[in-house]
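The values are calculated or read from the model by the stated rules, or taken from the named source; none is laboratory data. Bear in mind the structure is a predicted one, so any value in this text is a computation, not a measurement. Counting neighbours? That spans all protein chains shown, and the Cβs are built from the backbone with ideal geometry, glycine included. Only protein heavy atoms, including side chains, enter the accessible area calculation; ligands, DNA and RNA are left aside. Shrake-Rupley method; radii C 1.70, N 1.55, O 1.52, S 1.80 Å.
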Amino acid sequence: MRRLFPVTDQTRTAATGQGRTAAPERSRAAAEPEWTLDALADLYAYPAVEGGETGGAAGGRGADAGAGSGAATGVWLRANMVSTLDGAAQHDGRSQALSSDADMRIFGTLRALADAVVVGAETVRQEGYRPARAREAFAARRAAAGQGPAPVIAVVTASLDLDFTLPLFTEPLVPTLVLTGAAAPAERVLAARKAGAEVLVAGDGAGVDPLRAVRALAGRGLRRLLTEGGPRLLGQFVAAGVLDELCLSLSPTLTSGYAQRIAGGPALAVPERFALASLLEEDGFLFGRYRRP
């Protein structure tokens, strides 16, 4: 894996008075970090935000961490999605066919840094979601950040049409949360609670208000948030203006067809521009990180 942005080796040669072409190719390669899980965790560390300390071990943050809306709300919501070259977020209803080993390393790292993973009910059903697991490689980092052994899974659903006998509800290290509206079916709410899930009301009707969902999670001390979609849920977060960061894996594949994009729903009146924070590459995959300026 190599870093394409920011280009730290060019910064280094300029500081020592060497021209861009003066450094041998092998010197530039040697300047690249070894992309261990710790190195990825440092790069993707949450920024510090007001109202709640975020970041990696010892309260650190990535060198290129910036401040988006999370700096004011005390919560940082990032999304992690994968897309093909022609804009598909899925193939045959799932994202696995678009992924790679490097993509899965980053996927696991982002999960390991989060307090909670927010996911839509349709994605839970299609992707066969299981509880997040504790990973020894991140145990010390999570402990230093005051986190539990694994992130909470928070499922956003209006109907609560979920199989509550699945391991996501019966075998989690930490109880799974269900975010729904005040008008959700009472019998399904009861079924969720009987399965051991905690139900949070984050909307006045049947559906969930994205801003209230973020606030409800923050009220449980869950401030480092990660959403893995699906596209409809991400579209709702985008439309509500609560998304701080997008981690996008661009898969060097073409699928054609009619698969969803990474975000769906009504279009914004004015396109919102995010700033590139970092860009990695491996085996033709691009791993970009974009933040609200």
Hey, among the residues in region 264-279 that are in contact with a helix residue (DSSP H, G or I) (Cβ under 9 Å, 6 or more places away or on another chain) and open to solvent by 30 Å² or more (accessible area, probe 1.4 Å), which one's nearest to residue 293 (Cα to Cα)?
-> 272
Which condition breaks for residue 200 when tested against (1) part of a loop (DSSP other than H, G, I, E, B); (2) over 17 Å from residue 79 (Cβ atoms); (3) of a type outside the set (D, E, K, R)?
-> (1)
Pick from 215, 289: which is assigned to a strand (DSSP E or B) and either farther than 20 Å from residue 85 by Cα or in contact (Cβ under 8 Å) with a residue 24 or more places away in the chain (or both)?
-> 289
Say whether the condition of being aromatic (Phe, Trp, Tyr), under 15 Å from residue 87 (Cα atoms) and crowded, with 18+ Cβ neighbours inside 10 Å is met by at least one residue in region 234-245.
-> no
The number of residues in region 247-286 that are closer than 19 Å to residue 43 by Cβ and part of a strand (DSSP E or B) is 14
Residue 160 vs. criteria over 17 Å from the mean Cα position of the chain (by Cα), at pLDDT 95 or above, open to solvent by less than 10 Å² (accessible area, probe 1.4 Å) and at positive phi = yes
Test set (1) open to solvent by less than 10 Å² (accessible area, probe 1.4 Å); (2) at pLDDT 90 or above; (3) assigned to a loop (DSSP other than H, G, I, E, B) - residue 35 fails condition number | (1)
Check residue 83 against each of (1) open to solvent by 40 Å² or more (accessible area, probe 1.4 Å); (2) modelled with pLDDT of 95 or more; (3) of a type in the set (S, T, N, Q) and name the one condition it does not meet.
-> (1)
Considering every residue within region 118-130, establish whether at least one is out of contact with any Ser or Thr (no Cβ under 7 Å at 6 or more places or on another chain), surrounded by fewer than 16 Cβ atoms within 10 Å (Cβ to Cβ), at pLDDT below 95 and under 18 Å from residue 222 (Cα atoms).
-> no
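Quick check on my filter: what residues within region 89-148 are more than 12 Å from the chain's Cα centre (by Cα) and acidic (Asp, Glu)? Lay out the reasoning, then the answer.
Of region 89-148, the ones more than 12 Å from the chain's Cα centre (by Cα) are 89-105, 120-148.
Residues satisfying the conditions are 92, 101, 103, 122, 127, 136.
With the structure loaded, tell me whether residue 140 is in a strand (DSSP E or B) and either open to solvent by 10 Å² or more (accessible area, probe 1.4 Å) or not β-branched (Val, Ile, Thr) (or both) or whether it fails that test. Give the derivation first.
Numbers: in a strand (DSSP E or B): no; either open to solvent by 10 Å² or more (accessible area, probe 1.4 Å) or not β-branched (Val, Ile, Thr) (or both): yes.
No, not satisfied.
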Given the residues 17, 62, 68, 55, which is the only one that is part of a loop (DSSP other than H, G, I, E, B), at pLDDT below 95 and over 30 Å from residue 236 (Cα atoms)?
-> 17
